[in-house]
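One structure is given below, encoded as structure tokens.
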Amino acid sequence: MAGIGFELRHMLRKNTLLGLLQAYTYASVIGSGPWVLSIVGILLIGIFSASVVVPATLVTQFQTSVTSLVACSLIYTGLAQLAFTRFVSDRMFERRKHAILPNLHGLMALVLLGAGGLGTLALFFVLPGEGVLYRLLMLAGFILLSGVWILTVLLSGMKRYKAIVALFALSYGLIVVSALLLRRWGLEGLLAGFVLGHYVLLAGMWLLIVREFHPARRMMAFDFLQAGKLYPALVAVGFLWNLGIWADKFMFWFFTPTSQPIIGHLRASLIYDLPVFLSYLSIIPGMAVFLVRIETDFVEYYDAFFEAVRTGGSLEYIEDMRDEMVYSVRQGLAEIAKIQGLALIVAIVLGPAALEALGISSLYLPLFYIQTLGASLQVGFLALLNIFFYLDRRRLILGLTALFCVANLGFTVLTLKLGAIYYGYGYAAAVLLALVCGLYFLDKRLGRLEYETFMLQ
């Protein structure tokens, strides 16, 4: 667990206010930098292009197209992300680093070929009648994003957070510049800039990975598909997590009273999309706390506990490390709750002014508040899942993500039927239900940690 954990601990050990601010600023940039840069980049393209691109609806079509690409590619690659990360982790533990790169090439071949096939079908069923160049650019974007998400997860597992942020900053800077240079060609020009930037992002990530693992004798391998090396639970978890995150958005997009047709069969929900976007900005401080606590206190005691178990440490020392690990978990969750509670208060206080500044009606405020609450709860739920991943509770994680996904679908359907006053409550209720269940099982598992470690292996 080297890398960011060492840097954060070094900052915190200064025992100064400056050191504390450095640690949390660093964690917020590392933890939230990529998606913040992505959102800001897409928004800047829309803002700068609005005065040039005619008609103005082309900007909306571009943003809707990109959002659909991101959502669909994340759900699709969710099938492989966590499972392959576990494969890489196991090979690193076995000191078989040479097996990683050939298997990455094998996975990328399968993912990109699958993305090409699915994307081609989508061109005919989702975007019928649109221009050939637009459809080809959408296909290229879907393929590139699918590759980017696979490599992003792998680099995150390698703790190459700085490199990820730097590459995202470079690529989205290039996207903004190239899209603005090509905007005279309308929607196709904006999409061409998007595709170019993600090609650079994918190439940069691949070069980093090649430098880390070095070319092997085999160019391509599919060992990760072998029995015992492929974990079906992780395949399902990755898919259900991403589907659960986007489920309510898709339902609002395709529920006629809450959405508008944009291009082809792609739709957008002005009622829902803007408050959701603003609410997700509120989780940046919570993500910083989550990253700091997980990568410092928890990981330190987690490593000490299992190292003592593997090397035959005394029972007293093992119990002490367990107690410290449990305490760090509780403190971390408590800090996340405090920070996100404060973020929610800030959102309530500044929400009216923020919406007014963006030219959004105050009628959106109730939806913005409940979405901010839901996003805050999601940070806590993500922290719980991360702890369960460390403890290798795959079936439990599968159950919790399935519960979240199904609950989000069910509750969102209910709120759509109940009317506008209940919009957003479905997502918040789904996260709350999954979080409460996760807290119950976490308390139960931590209380039985020694027994399960020694007796159930």
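Just so it is clear, none of the values below were taken in a lab; they were calculated from the coordinates. As the structure is a computational prediction, the values presented were derived from the model and not from experiment. Neighbour counts are summed over all protein chains in view; Cβ atoms, including those assigned to glycine, are modelled from backbone coordinates with ideal geometry.
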- Please sort 136-145, 220-229, 246-255 by packing, taking for each peptide the average over its residues of neighbouring beta carbons within 10 angstrom, highest first. 136-145, 246-255, 220-229
- Find the centroid of the Cα atoms in the range 213-234 and in the range 270-345, then give the distance between the two in whole Å. 31
- Nearest 20 debye, what's the magnitude of the dipole of the chain about its Cα centre given +1 on Lys and Arg Cβ and -1 on Asp and Glu Cβ? 820
- Farthest toward the dipole's positive end in the chain, which of MET325, ALA430, LEU274, given Cβ charges of +1 (Lys, Arg) and -1 (Asp, Glu) about the Cα centre? LEU274
- Query: Which peptide among 366-375, 394-403, 429-438 comes first, and what is the full order, when sorted by highest mean count of other Cβ atoms within 10 Å?
  - Reply: 366-375, 429-438, 394-403
- Task: Sort the following peptides by mean Cβ neighbour count (other Cβ atoms within 10 Å, averaged over residues), highest first: 100-109, 281-290.
- Result: 281-290, 100-109
- Task: Determine, at each q value in 0.15 (inverse angstroms), the log₁₀ of I(q)/I(0) that the Debye formula gives when each Cα of the range 277-455 is one equal point scatterer.
- Result: -0.89
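Tally Lys and Arg at +1 and Asp and Glu at -1 over the other residues with C-beta under 11 Å from the C-beta of GLU335: what net charge comes out?
Surrounding charge for GLU335 is +2.
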- Task: Quote the charge dipole size of the range 277-455 about the Cα centre in Debye, to the nearest 20; the model charges only the Cβ of Lys and Arg (+1) and of Asp and Glu (-1).
- Result: 860
- Task: Quick one: dipole size for the range 173-228, taken about the Cα centre, charges +1 on Lys/Arg Cβ and -1 on Asp/Glu Cβ, in debye to the nearest 20.
- Result: 140
- Query: Distance in nm between label sites at LYS338 and TYR440, each 7 Å beyond Cα in the beta-carbon direction?
  - Reply: 2.8
- Task: Among ALA334, LEU43, LEU180, flag the residue with its Cα farthest along the positive direction of the charge dipole of the chain, charges on Cβ as +1 for Lys/Arg and -1 for Asp/Glu.
- Result: LEU180
- Task: Report the normalised scattering of the range 272-380 as log10 I(q)/I(0) at q = 0.11, 0.13, 0.17, 0.22 Å⁻¹, calculated by the Debye formula with identical scatterers on the alpha carbons.
- Result: -0.48, -0.58, -0.76, -1.03
- Task: Under 20 Å Cα to Cα from LYS249, which aspartates and glutamates show up? Leave out anything in the same chain fewer than 8 places away.
- Result: ASP273
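For VAL177 and ALA353, FRET efficiency with R0 = 35 Å and r from the beta-carbon atoms, rounded to 0.05?
The value I calculate is 0.65.
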